[in-house]
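Okay, so here's the structure we're looking at.
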Amino acid sequence: MSRYNARVVEPKWQAAWEQAEAFKAERDEAREKYYVLEMFPYPSGRIHMGHVRNYTMGDVVARYKSAKGFNVLHPMGWDAFGMPAENAAMDKGVHPGDWTYQNIADMRAQMKPMGLSIDWSRELATCDPEYYGQQQAMFIDMMDKGLVYRKEAVVNWDPVDMTVLANEQVENGRGWRSGALVERKELTQWFFKISDYSEELLTAIDGLTDWPEKVRLMQKNWIGKSRGLQFNFETIGAPDGHDQLEVYTTRPDTLFGASFAAISCDHPLAKALETNPDVAAFNTECRQMGTTEEALEKAEKKGFDTGIRVVHPFDKGWEIPVYIANFILMGYGTGAIFGCPAHDQRDLDFARKYGLGVTPVVCPEDQDPDQFSIGHEAYIGPGRIINSRFLDNMTVGDAIAEVNDRIESRGIGVAKTNYRLRDWGVSRQRYWGCPIPVVHCAECGVVAEKKENLPVELPKDVAFDRPGNPLDRHETWRNVPCPRCGGAAQRETDTMDTFVDSSWYFARFTAPRAETPTVAADVDYWMNVDQYIGGVEHAILHLLYSRFFARAMNLTGNLPKKAIEPFNALFTQGMVCHETYQNPEGKWLTPEEIRPVDGGYETLEGQSVTVGPSIKMSKSKKNVVDPEDIIDQYGADTARWFVLSDSPPERDIEWTAAGANAAWKHINRVWMLCDKIAEMDLATTGTGDDELLQAMHKTIHDVTVNIESFGFNAAIAKLYGFTNTLTKSKASAAAQKQAIVTMAQLMAPMTPHLAEDIWAHQGSQGLVAQAPWPKADPAMLIDNTVTLPIQINGKRRDEIVVAKTLPKEEVEKLVLENETVQKVLAGATPKKLIVVPGRIVNVVV
RNA sequence: GCGGGCGUGAUGGAAUGGUAGACAUAAGAGACUUAAAAUCUCUGGGCCUUGUGCCGUGCGGGUUCGAGUCCCGCCGCCCGCACCA
């Protein structure tokens with residue numbers, strides 16, 4: 001009897017696949033293609049269990065689809081630009097490029113032993129000039145099509161480090177390195193006009209039927225279409241040029257409940273008032289809040305009474321105070337609102353704080369309008385309009401229409417559809433990103449680089465010993481002739497958001513070495529991505545930007561019309577979690593730093609260990625398990641089997657040593673079974689061949705259905721079940737051999753190395769990786785009899801076994817003859833008898 | 001704060017509105033063994049009055065012959081919030 005040794009077997013089959021070029025994807029118009037893609041990783045240098053789970057899922061799909069006869073494309077690349085490389089440069093003095101390429105080499109070396117069916121010949125990194133040069137070409141094309149523009153936008157500014165900070169680099173309003181209070185600063189930045197596509201991106205969501213409903217909802221809410229009214233108030237006491245204040249509201253029906261107006265601290269009027277030191281101080285305070293919407297919304301609502309008043313559009317004598325408020329965003333609507341505290345919680349909180357009036361103007365149907373008042377909760381539901389003169393007694397909808405009509409007919413405003421989606425700011429004041437291929441010329445202005453000069457490569461000789469962007473101070477790189485007039489000019493030193501890099505890599509994979517961004521024949525054949533797999537944390541930004549970019553690429557001729565929705569199906573997988581451990585001092589401990597004792601753990605030094613909840617694996621909590629260690633110890637198949645087995649793919653999975661060990665034991669059990677069967681004399685007869693083969697066909701059917709529907713854990717449960725059946729079977733050698741070979745095929749997407757070894761051990765020809773998927777015989781799936789539970793008043797009390805084809809009347813007769821039913825009925829007739837054929841019987845008494 | 005999701009035994013989870021707990025882990029008992037490991041077999045939601053019993057899918061209501069599943073209201077946890085990737 002031989003034992004299964006993953007350490008020997010796995011590299012052997014990986015070499016066999018490589019030699020057979022089993023996963024090389026070649027365009028072949030005669031075959032139907034299938035494109036599987038997992039979200040490509042950031043090259044941090046170490047793979048983690050989240051990667052293992054993600055790529056294993058993709059690999060199951062890729063190997064399954066390949067067995068089903070599809071021409072599969074399953075590539076891998078690196079999302080290689082970004083801040084960590086610059087941080088490493090600052091901390092360790094290494095060049096971001098060297099650091100990144102070393103990490104890529106390390107991670108690739110950790111991934112290869114997983115046995116993924118990846119076409120490595122298509123590997124790319126977004127920091128390859130070969131890649132980002134094509135991205136620059138598309139940027140220029142997009143400029144030509146009017147999809148790119150510049151405008152002022154606010155950034156987090158660290159006044160000590162003299163640098164722009166990312167939101168994650170701002171901690172409690174201070175820069176993470178300097179500790180200085182962060183300011184909001186306005187810079188001229190590059191934008192993509194994603195807002196041109198707001199409506200298109202919204203309506204097209206309805207066509208994404210194979211995306212999770214939650215992701216589609218999140219995108220719809222993010223785009224945030226609203227119908228509203230944009231109109232002008234006349235102002236009293238405002239500086240010159242501000243005799244009107246334009247506001248946007250989605251609730252024009254509440255206009256008679258208005259008790260204040262509020263503007264953003266970045267609103268032109270607020271800026272114009274900064275000659276008043278109190279206003280300047282308040283605005284400065286607002287600007288120290290950070291730029292995230294979250295910070296804005298969570299912060300205590302504060303306002304500053306400007307002393308300016310606006311006149312109610314329907315009552316010349318009604319003056320409303322204008323506040324500068326810290327919760328109004330300049331980027332949404334007009335950066336100014338009117339507040340109706342009775343029907344908006346934020347406005348209500350604000351009004352209570354500053355002692356402003358709260359007049360209810362919408363009364364719920366079941367309330368008496370004379371008694372209805374607002375306490376601590378705003379009323380945002382439907383109802384009848386009250387306290388609103390000509391609007392009284394209208395519905396909310398009618399009142400909105402009426403106010404819109406009156407405002408429009410007076411020419412002081414217009415009903416308008418608004419979107420929450422803002423244009424995509426792509427400028428980053430950093431070195432390690434794709435340079436924006438533009439030159440600033442004193443004569444010609446902003447000029448795109450000539451395409452033949454692409455790529456605009458990042459200079460290698462840079463240093464990070466000083467704050468700021470090294471591109472800004474790199475004289476020879478920066479000073480170049482103007483592409484148009486040839487005069488002295490300067491390169492743009494902003495680089496692109498890394499989301500740009502990841503917005504088209506899936507298209508580049510179809511022709512990764514081409515000298516144009518894409519090649520028509522290749523994108524036509526391979527696009528779209530048939531199955532995209534990644535974390536739900538990308539539900540909005542990455543996926544929405546990619547949808548936009550695909551449309552832009554279509555406009556610039558780089559992508560066919562059919563690919564403007566690039567991902568046919570999307571699956572979002574859960575995270576990998578692990579228990580957390582702390583010593584008595586509260587220090588986090590890794591799973592290697594503890595050992596089990598009765599009912600718990602202790603440190604290797606014998607200290608007691610507090611076990612915390614299972615949370616996402618993270619370096620800071622030290623609850624990480626290194627995939628490399630697991631693969632060394634158990635082999636890749638064990639790791640793959642375990643990350644698929646215990647939890648539904650969309651949900652979080654808890655990594656446990658016991659679970660990994662169980663997966664390993666099972667792989668060995670299957671191998672032993674295979675070995676036992678291989679040693680049987682093929683002429684050996686037995687009993688129960690039919691039962692075994694029926695179980696086999698049912699397993700083929702169940703596993704197939706479960707893989708198709710991403711029920712990998714359920715597929716594995718069925719394979720466990722079939723292993724038990726086969727272990728106990730007394731069937732003939734021929735039937736058992738057929739069963740074990742079929743099982744190898746069914747396991748191949750999850751445990752490809754074991755499957756190959758069983759396949760070879762049973763004397764099958766070629767590779768499982770290139771064998772067709774087994775087919776379930778429909779005739780073998782039908783049971784002749786069925787066990788029917790009998791419920792009495794909805795509770796299961798007994799069961800009967802009947803022929804599957806038995807008519808309903810016959811079933812009813814049998815049920816009424818049933819002993820348990822007779823006892824309960826005691827001679828009476830049931831009130832109701834429900835027979836669901838093949839399912840259940842319910843007797844209502 | 002806003003948007004989205006999730007919640008079932010000791011544990012991970014299964015279950016087209018139709019037998020709740022498949023499959024697996026931990027635990028217990030047994031077989032084999034000088035012993036241990038490994039392997040195999042059995043038990044495996046809770047309660048009591050042990051019955052044709054009662055309770056049980058985060059909590060409270062509702063719809064239905066029948067609800068883990070559908071609806072309403074809570075609670076808890078997780079993800080995203082536009083410069084992390």
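FYI, it's all coordinate maths here, none of it is from the lab. These numbers were taken from a predicted model, which means no experiment stands behind them. Cβ: placed from backbone, ideal geometry, glycine included. Neighbour counts: every protein chain shown.
Things worth noting here:
- Efficiency of FRET from Cβ geometry, A:Ile236 and A:Lys271, R₀ 25 Å, rounded to 0.05: 0.85
- Taking the C-alpha atoms only, the angle from helix A:277-287 to the longest principal axis of chain A is near 10 degrees.
- With a Förster radius of 25 Å applied to the beta-carbon distance between A:Thr603 and A:Ala662, the computed FRET efficiency rounds to 0.45.
- Distance (nanometres) between label positions extended 7 Å along Cα→Cβ at A:Asp461 and A:Glu365: 7.8 nm
- Principal-axis tilt of helix A:636-645 within chain A, Cα atoms, nearest 10 degrees: 70 degrees
- Linear extension gain, A:Leu187 paired with A:Arg839, 0.36 nm per residue minus alpha-carbon span: 228.0 nm
- A:Lys92 paired with A:Trp120, simple spin-label distance in nm, labels 7 Å along Cα-to-beta-carbon: 2.3 nm
- For peptides A:836-845, A:549-558, sequence by mean Cβ density within 10 Å, most packed first: A:549-558, A:836-845
- Length released on extending from A:Thr684 to A:Val705, taking residue separation times 0.36 nm less the Cα-Cα span: 4.2 nm
- Amide hydrogen proximity for A:Trp176: with H placed 1.01 Å from N in the peptide plane, the residues at 5 or more positions away or on another chain lying under 5 Å are A:Glu171.
- For segment A:208-333, the dipole from Cβ point charges (+1 on Lys and Arg, -1 on Asp and Glu) about the Cα centre works out to 460 debye, to the nearest 20.
- For segment A:414-496, the square roots a ≥ b ≥ c of the C-alpha gyration tensor eigenvalues yield an a/c of 1.5 or more together with a/b not exceeding b/c, which makes the shape oblate.
- Computed about its Cα centre, the charge dipole of chain A is approximately 1160 debye, with only Lys, Arg, Asp and Glu carrying charge at their Cβ.
- Annotation: peptides A:203-214, A:310-321, A:331-342, ranked by per-residue average of other Cβ atoms within 10 Å with the highest first, follow the order A:331-342, A:310-321, A:203-214.
- At 0.692 mPa s and 37 °C, Stokes D of chain A from Kirkwood alpha-carbon radius, µm² per second: 102 µm²/s
- Checking every one of the trypsin sites (Lys or Arg not before Pro) in segment A:1-87 against DSSP loop status and a limit of 14 other Cβ atoms within 10 Å picks out A:Arg3, A:Lys24, A:Arg31.
- The label point for A:Glu246 and the one for A:Ala734, both projected 7 Å from the Cα toward the Cβ, are 8.5 nm apart.
- All Cα pairs of segment A:229-310, percent lying beyond 16 Å: 57 percent
- Between A:Tyr720 and A:Glu26, the C-beta separation translates, for a Förster distance of 45 Å, into a calculated FRET efficiency of about 0.75.
- Dipole of segment A:703-821, positive end: most advanced residue of A:Ala771, A:Thr727, A:His761 [Cβ charges, Cα centre]: A:His761
- Relative contact order of chain A, pairs being alpha-carbon contacts under 8 Å that are 6 or more residues apart, as %: 13 percent
- Loop-located GluC sites (Glu not before Pro) in segment A:542-622, at most 14 other Cβ atoms within 10 Å (DSSP): A:Glu585, A:Glu605
- Extension gain, A:His312 back to A:Cys444 (0.36 nm per residue minus Cα-Cα distance, nm): 42.7 nm
- Cα Rg over Rh - segment A:507-650, Kirkwood: 1.18
- Dimensions of segment A:610-661 from C-alpha coordinates, computed as largest minus smallest value along each principal axis and given longest first, are 30, 25, 17 Å.
- Only helices enter the 222 nm calculation for chain A: every DSSP H run of n ≥ 4 contributes -39,500 (n - 2.57), and dividing by all residues gives -10500 deg cm²/dmol, rounded to 500.
- Dipole-positive endmost among A:Gly133, A:Val624, A:Gln102 within chain A (Cβ charges, Cα centre): A:Val624
- Sites matching GluC sites (Glu not before Pro) across segment A:335-433 that sit in DSSP coil, with at most 11 neighbouring C-beta atoms within 10 Å: A:Glu365, A:Glu377
- Taking the C-alpha atoms only, the angle from helix A:96-111 to the longest principal axis of chain A is near 20 degrees.
- Of A:Lys616/A:Lys665; A:Lys416/A:Lys561; A:Lys301/A:Lys353; A:Lys193/A:Lys271; A:Lys698/A:Lys804, pairs whose Cα-Cα distance is over 19 Å: A:Lys616/A:Lys665; A:Lys416/A:Lys561; A:Lys193/A:Lys271
- Pairwise Cα distances in segment A:725-845 exceed 16 Å for 70 percent of all pairs.
- Pairwise alpha-carbon distances in segment A:149-254 exceed 24 Å for 60% of all pairs.
- Ordering of A:226-233, A:271-278, A:389-396 by packing is A:226-233, A:389-396, A:271-278, highest average first (other Cβ atoms within 10 Å, averaged per residue).
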